[in-house]
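Read the structure below first, then the notes.
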């Protein structure tokens with residue numbers, strides 16, 4: 001299943017629309033105005049089906065708790081490394097491989113590829129093309145991509161010369 005995760009152009013908070021390969025909206029994501037990152041994922045009927053919540057005060061490791069239908073399913077954690085970006089995903093047995101900084105990576109369970117992700121420019125906003133091999137993995141992949149996006153945008157906003 002091919003998806004396009006597109007950030008809304010003039011959103012104050014993190015807001016995304018997620019489209020299938022036919023251009024139909026399959027999910028909507030709305031950020032919550034708070035002191036930490038909290039993203040709510042809604043299906044086409046307006047039901048909340050997933051939530052990603054940043055674990056507060058875990059810098060430099062970025063950690064997100066992941067919920068499906070209000071039930072905790074696991075955590076996505078950025079591992080502190082010097083030369084590459086690495087995430088520890090403690091649900092589904094998944095891992096990432098590729099260049100996360102350039103948004104060209106795959107998600108696998110060690111034996112098989114679950115999804116491939118790449119960044120695209122889409123009419124002045126960021127968009128992510130995601131090819132998910134199994135329809136039952138779609139929501140989990142969307143939440144993983146959104147958590148990595150939030151981490152990367154946060155890191156891009158830091159001017160490390162302020163700390164020198």
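The values are calculated or read from the model by the stated rules, or taken from the named source; none is laboratory data. A quick note: this is a predicted structure, and the numbers were derived from the prediction, not measured. FYI the Cβ positions are ideal-geometry reconstructions off the backbone, even for glycines, and counts take in every protein chain you see.
Taking residue 43 as the residue in question, decide whether it is surrounded by fewer than 16 Cβ atoms within 10 Å (Cβ to Cβ) and modelled with pLDDT of 90 or more. Please lay out each step first, then the result.
Numbers: surrounded by fewer than 16 Cβ atoms within 10 Å (Cβ to Cβ): yes; modelled with pLDDT of 90 or more: yes.
In short, yes.
State all residues of the range 79-105 that are surrounded by fewer than 17 Cβ atoms within 10 Å (Cβ to Cβ), at pLDDT 75 or above and not in a strand (DSSP E or B); if no residue qualifies, say none.
Correct list: 90, 91, 92, 93.
Within the group 76, 52, which residue is modelled with pLDDT of 90 or more and part of a strand (DSSP E or B)? Break it down stepwise before answering.
Numbers: 76 fails: modelled with pLDDT of 90 or more.
Result of the check over 76, 52: 52.
Go through the range 111-151 and report how many residues are buried (at least 18 other Cβ atoms within 10 Å of the Cβ) and modelled with pLDDT under 80.
Number satisfying all stated conditions: 1.
What are the pairs, 6+ residues apart or on separate chains, where a residue within the range 84-104 that is over 19 Å from residue 64 (Cβ atoms) has its Cβ under 9 Å from a residue that is at pLDDT below 75 and surrounded by 12 or more Cβ atoms within 10 Å (Cβ to Cβ)?
Partner pairs satisfying both residue conditions: 84/100; 84/101; 99/85.
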